[in-house]
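A quick write-up on the structure given underneath.
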Amino acid sequence: MKKSKRRIAAFTSVVSLASGAAMVAPPALASGDELISGEIVGTPAAISSGGFAGSYYTVTNISKVKKVTHASKYYNGTISNAKATYSSKKQLTLTAGLTYSVGASTGATVDLIAVAAKLESNTRLDLAASGSKTSGSTLSISATTKPKKYLVVAAGNTQVTGKWKKNYCASGNSGVVVKASGTGKSHTIRETAAVQCDLSQPSGSLAGLAKSRSC
């Protein structure tokens, strides 16, 4: 009898939570679970929305990669230190934004800010807003080059890429439908480096990448 009462109380608690959509977390979707047939996009097996109704976003397969956007190499052929302002023009542009694999043809609206916020929260990085591009201006760095040594001046950003989905649940009793999906890209604030080629650099750093590419 006591067990039966506990079960009833637990069921009542679950129903109470389900009645408030804000209190119920959206269900998680596994990667690759969309099924496409014509213009209909849904999951092979309906996933309970657990009382949640509305749209929410998920991101998976997130990567963070250092990218060199500017780099130039200089050599000091003298027997003295050469202190100067060294410059380097743009070689690569990174753009923040979304591409679609599903949903664009059906006119599904997507909240770009929501997708960017998901990427930020998962990487713990401050990312550029959609449409923002890395700097195209010439890089200038003041540095000293040792005698008979090479110097590389460089700039770059960390590029963040992830797969996103816009999931929709019509009511608490419906399965989740994937309204749109695709790839999202953004980048962090610019980093700069002046790298003397004969010196070791930290692994995974912009300086290390610039040395491996340009020295």
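Among the strands (runs of 3 or more DSSP E) contained in region 61-164, which hold 2 or more residues that are farther than 20 Å from Cys215 by Cα? Give the derivation first.
Values: elements: 82-88, 97-102, 139-145.
Those strands (runs of 3 or more DSSP E) span 97-102.
Just to be sure, is Thr192 hydroxyl-bearing (Ser, Thr, Tyr), more than 13 Å from Leu125 (Cβ to Cβ) and modelled with pLDDT of 95 or more?
On the way: hydroxyl-bearing (Ser, Thr, Tyr): yes; more than 13 Å from Leu125 (Cβ to Cβ): yes; modelled with pLDDT of 95 or more: yes.
Yes.
Residue check, Val110 against (1) aliphatic (A, V, I, L, M); (2) open to solvent by 50 Å² or more (accessible area, probe 1.4 Å); (3) touching a residue at least 24 places away in the same chain (Cβ under 8 Å), all met but one. Which one?
(2)
Kindly indicate the residue of region 140-175 that is closer than 30 Å to Ile79 by Cα, surrounded by fewer than 21 Cβ atoms within 10 Å (Cβ to Cβ) and of a type in the set (A, V, I, L, M, F, W, C) and also farthest from the chain's Cα centre (by Cα) among those meeting that condition.
Taking the candidates together, the pick is Ala143.
Of the numbered conditions (1) in contact with a Cys (Cβ under 6 Å, 6 or more places away or on another chain); (2) free of Cβ contacts under 8 Å to residues at least 40 places away in the same chain; (3) not acidic (Asp, Glu), Gln91 fails exactly one; give the number of that condition.
(1)
On the given criteria, is Ser181 part of a loop (DSSP other than H, G, I, E, B) and among the small types (Gly, Ala, Ser)? Quick ask: steps written out before the conclusion?
Values: part of a loop (DSSP other than H, G, I, E, B): no; among the small types (Gly, Ala, Ser): yes.
For Ser181, the condition - part of a loop (DSSP other than H, G, I, E, B) and among the small types (Gly, Ala, Ser) - is not met.
Does Ser121 fit the bill of being closer than 14 Å to Lys64 by Cα, free of Cβ contacts under 8 Å to residues at least 24 places away in the same chain and not β-branched (Val, Ile, Thr)?
Details: closer than 14 Å to Lys64 by Cα: yes; free of Cβ contacts under 8 Å to residues at least 24 places away in the same chain: yes; not β-branched (Val, Ile, Thr): yes.
Against the criterion (closer than 14 Å to Lys64 by Cα, free of Cβ contacts under 8 Å to residues at least 24 places away in the same chain and not β-branched (Val, Ile, Thr)), Ser121 qualifies.
Here is a check on your reading of the model: is Lys179 surrounded by 13 or more Cβ atoms within 10 Å (Cβ to Cβ), at pLDDT 90 or above, under 23 Å from Val59 (Cβ atoms) and of a type in the set (D, E, K, R)? I'd like the intermediate steps shown before the answer.
Working: surrounded by 13 or more Cβ atoms within 10 Å (Cβ to Cβ): yes; at pLDDT 90 or above: no; under 23 Å from Val59 (Cβ atoms): yes; of a type in the set (D, E, K, R): yes.
Considered against the rule, which asks whether it is surrounded by 13 or more Cβ atoms within 10 Å (Cβ to Cβ), at pLDDT 90 or above, under 23 Å from Val59 (Cβ atoms) and of a type in the set (D, E, K, R), Lys179 comes out as no.
Can you pull out the residues in region 192-207 that are open to solvent by less than 60 Å² (accessible area, probe 1.4 Å) and closer than 24 Å to Ser137 by Cβ?
Ala193, Ala194, Val195, Ser205, Leu206, Ala207
The values are calculated or read from the model by the stated rules, or taken from the named source; none is laboratory data. Keep in mind that what you see is a predicted model, and the values were worked out from it rather than measured. Ideal geometry is used to build each Cβ from the backbone, glycine not excepted, and the neighbour counts take in all protein chains shown. Protein only, heavy atoms only, side chains kept; ligands, DNA and RNA dropped before computing areas. Shrake-Rupley method; radii C 1.70, N 1.55, O 1.52, S 1.80 Å.
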